[in-house]
Amino acid sequence: MSMNKTCLHQAHIDAGAKMVDFGGWDMPINYGSQIEEHHAVRKDKGMFDVSHMTVIDLSGNESEKFLLKLLANDVRKLIDGKALYSTMLNNNGGIIDDLIVYKRSTNNYRIVVNAATREKDLAWFDQQITDFDAEFTEMPQLAMIAVQGPKAIAACLEVLPEDISQQLSELKKFCAIDAEDYFIGRTGYTGEDGVEILISEDNATNLWNKLLKAEVKPCGLGARDTLRLEAGMHLYGQDMNDDISPLECGLAWTVRKEDVDFNGAEAMNQLRQNGITKKMTGVVLTTRGILRHDQQLVDENGLTGIITSGSFSPSTEVAIAMAIVDKNFGSEVKVQIRKKELPVKLVKLPFVRNGVSNI
Amino acid sequence: MSYVLDNLKYTESHEWIEKLDNGNVRIGITEHAQSALGDIVFVELPEEDSYATGDECGVVESVKTASDIYTPIAGTIVAVNDALEDAPELINESPYDDGWIFEMEVDNADDLDDLLTAEEYRNSITEDED
């Protein structure tokens, strides 16, 4: 089976990218050094091709009603041009996916879901939408470039058409510009300021090249992962999955409490009544070594936990991780790394936000 | 592009082996291996002890992943490159020189003939890439 390629594939090859199979997509993991790319985003500006992500447009008279059923978060909070992060739950209260939904106008939404979960998500949409006067369309003709970093907005102001730049200069966090050729959200997955630009495939390479000229550093999915981990942002398939409740992995804030008419609501109430037993925490290794997904944690009383995402943190130069641990987890915690038990420190997430370390 | 030095021996698992003047061998990972791993951020150095051929003796960790290091030959590890504790990136910057990992006293010098030549290693990584 041949791999999917984004419309920027050749641009990556030209920029010297090392390409890897990322859920069936041939994507850049780095363009030389993922640590340098990481620092570019924390200190200056970098860009990521995230065109592999799935964009879904939703319209019809009962679009809002449909999303109220489909999503754990409350889309009624949204005004036109505003974005919301939400989990999408199954009826057992596990997480099918996490996503961003933008309200474009009344009963008109744009949703971005993960690439790796595309088929599962579309099947779920299909199944759930039947009772509603609403319809959704996948938008594979859109490319997506995330420009991130303290100087990302300035670079975009330089290269975008004047009318778009004007709007961007006034764009608030978590809001979007909805113009004919550009859909630009002031959102991201790095813990830095920046935008995610949806643009037609025809115009994507041109924009990428203009950003290159404005000295925006191309960054691969390797740097994207260490940036999001430092920012304490969840990765689907690691920090959450179909069997993990948002209440037990640090995503309770995406679940509305005041009504029960959404998928998974009953499971949420049940879990609250029976008692939540786990929580998400940040972990820092206090000796040499690297924390990794699936390493076991144990506290002074024998309570346990598991690392869901772990890596070396380029900004703090220590190993960091997100972990799901027992709700009553103690403070003297050790991690099992191969044959050794090493001490770790538990910290609040995020580790780094807007260039500043919290640990 | 990967480079492979003609004067060294190699393993399928991407270690290089250099014969030293005192009869011992020095071992590291190849340029090809460091490039595949990406930025190296931690090295768990081997214990100075005796090993059989192909024993796991240490670990090289990049941001992306952890990769075991194997003893390419039976013998005793007599030295490790302590500089890697503070500067694991030496393996990226200088895989065949400052980024060496350990030295061994070889049990049987004839075993060295079983290792891959530069030519054979070059062919094996070209097949990987195809």
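The values are calculated or read from the model by the stated rules, or taken from the named source; none is laboratory data. Note that the coordinates shown come from a computational prediction; the quantities given were computed from them, not determined experimentally. When we count neighbours, we look across all protein chains shown, and the Cβ atoms used for this are built from the backbone with ideal geometry, even at glycine. Accessible surface is based on the protein model in full, side chains and every heavy atom, while ligands, DNA and RNA are left aside. Shrake-Rupley method; radii C 1.70, N 1.55, O 1.52, S 1.80 Å.
So which of A:P161, A:P246, A:P218 ends up being more than 30 Å from B:A36 (Cα to Cα), surrounded by 19 or more Cβ atoms within 10 Å (Cβ to Cβ) and modelled with pLDDT of 95 or more? On inspection, the qualifying residue turns out to be A:P246. Once the stretch A:221-243 is narrowed to residues that are among the acidic types (D, E), under 15 Å from A:N114 (Cα atoms) and more than 14 Å from chain B (Cβ to nearest Cβ), the residue that is least open to solvent (accessible area, probe 1.4 Å) is A:D239.
Can you pull out every residue in the stretch A:187-201 that is surrounded by fewer than 19 Cβ atoms within 10 Å (Cβ to Cβ) and not acidic (D, E)? Matches in the stretch A:187-201: A:S200 only. Comparison of A:I13, A:I79, A:I29, A:I35 shows that the only residue that is within 14 Å of chain B (Cβ to nearest Cβ) and either open to solvent by 60 Å² or more (accessible area, probe 1.4 Å) or over 19 Å from the mean Cα position of the chain (by Cα) (or both) is A:I35.
Only one entry of B:V4, B:V60 meets the criterion of being in a loop (DSSP other than H, G, I, E, B), touching a helix residue (DSSP H, G or I) at 6+ places or on another chain (Cβ under 9 Å) and open to solvent by less than 30 Å² (accessible area, probe 1.4 Å), and that entry is B:V4. Can you name every residue in the stretch B:71-93 that is hydrophobic (A, V, I, L, M, F, W, C), over 16 Å from B:A33 (Cα atoms), in contact (Cβ under 8 Å) with a residue 12 or more places away in the chain and open to solvent by less than 40 Å² (accessible area, probe 1.4 Å)? Answer for the stretch B:71-93, where residues must be hydrophobic (A, V, I, L, M, F, W, C), over 16 Å from B:A33 (Cα atoms), in contact (Cβ under 8 Å) with a residue 12 or more places away in the chain and open to solvent by less than 40 Å² (accessible area, probe 1.4 Å): B:I73, B:A74, B:I77, B:A79, B:V80, B:L84. From the list A:F329, A:F262, which residue is in contact (Cβ under 8 Å) with a residue 60 or more places away in the chain, open to solvent by less than 50 Å² (accessible area, probe 1.4 Å), away from every other protein chain (no Cβ under 14 Å) and assigned to a loop (DSSP other than H, G, I, E, B)? That would be A:F262, the only listed residue that is in contact (Cβ under 8 Å) with a residue 60 or more places away in the chain, open to solvent by less than 50 Å² (accessible area, probe 1.4 Å), away from every other protein chain (no Cβ under 14 Å) and assigned to a loop (DSSP other than H, G, I, E, B).
Mind checking whether some residue in the stretch A:299-311 is within 30 Å of A:D131 (Cα to Cα) and either within 14 Å of chain B (Cβ to nearest Cβ) or in contact with a Leu (Cβ under 7 Å, 6 or more places away or on another chain) (or both)? Checking the stretch A:299-311: not a single residue is within 30 Å of A:D131 (Cα to Cα) and either within 14 Å of chain B (Cβ to nearest Cβ) or in contact with a Leu (Cβ under 7 Å, 6 or more places away or on another chain) (or both).
Table: residues versus (1) of a type in the set (D, E); (2) more than 14 Å from chain A (Cβ to nearest Cβ); (3) out of contact with any His (no Cβ under 8 Å at 6 or more places or on another chain); (4) farther than 30 Å from A:G222 by Cβ.
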| residue | (1), (2), (3), (4) |
| --- | --- |
| B:Y51 | no, yes, yes, yes |
| B:V59 | no, no, yes, no |
| B:D82 | yes, no, yes, no |
| B:N123 | no, yes, yes, no |
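The one condition from (1) more than 20 Å from A:G185 (Cα to Cα); (2) touching an Asp or Glu at 6+ places or on another chain (Cβ under 6 Å) that A:L89 does not meet is (2). A:A40 passes every criterion in (1) away from every other protein chain (no Cβ under 14 Å); (2) part of a helix (DSSP H, G or I); (3) within 20 Å of the chain's Cα centre (by Cα); (4) hydrophobic (A, V, I, L, M, F, W, C) apart from (1).
Of the listed requirements (1) within 14 Å of chain B (Cβ to nearest Cβ); (2) closer than 28 Å to A:T190 by Cα; (3) touching a strand residue (DSSP E or B) at 6+ places or on another chain (Cβ under 8 Å), A:L342 misses just one: (2). Would you say A:M47 is surrounded by 19 or more Cβ atoms within 10 Å (Cβ to Cβ), away from every other protein chain (no Cβ under 14 Å) and part of a strand (DSSP E or B)? Against the criterion (surrounded by 19 or more Cβ atoms within 10 Å (Cβ to Cβ), away from every other protein chain (no Cβ under 14 Å) and part of a strand (DSSP E or B)), A:M47 qualifies. Here A:G282 meets each of (1) in contact with an Asp or Glu (Cβ under 9 Å, 6 or more places away or on another chain); (2) under 25 Å from A:A40 (Cβ atoms); (3) more than 14 Å from chain B (Cβ to nearest Cβ); (4) in contact (Cβ under 8 Å) with a residue 60 or more places away in the chain with one exception, condition (1).
Going by the structure shown, is A:G250 part of a loop (DSSP other than H, G, I, E, B) and either touching a residue at least 60 places away in the same chain (Cβ under 8 Å) or closer than 28 Å to A:I145 by Cα (or both)? Against the criterion (part of a loop (DSSP other than H, G, I, E, B) and either touching a residue at least 60 places away in the same chain (Cβ under 8 Å) or closer than 28 Å to A:I145 by Cα (or both)), A:G250 qualifies.
Of the residues B:D68, B:D98, which single one is open to solvent by 20 Å² or more (accessible area, probe 1.4 Å), within 14 Å of chain A (Cβ to nearest Cβ) and either closer than 21 Å to B:L116 by Cα or in a loop (DSSP other than H, G, I, E, B) (or both)? It is B:D68.
For every residue, the table says whether it meets (1) of a type in the set (S, T, Y); (2) closer than 13 Å to A:E64 by Cβ; (3) crowded, with 23+ Cβ neighbours inside 10 Å.
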site: A:V75; (1), (2), (3): no, yes, no
site: A:N90; (1), (2), (3): no, no, no
site: A:K103; (1), (2), (3): no, yes, yes
site: A:V113; (1), (2), (3): no, no, yes
site: A:R118; (1), (2), (3): no, no, no
site: A:W124; (1), (2), (3): no, no, no
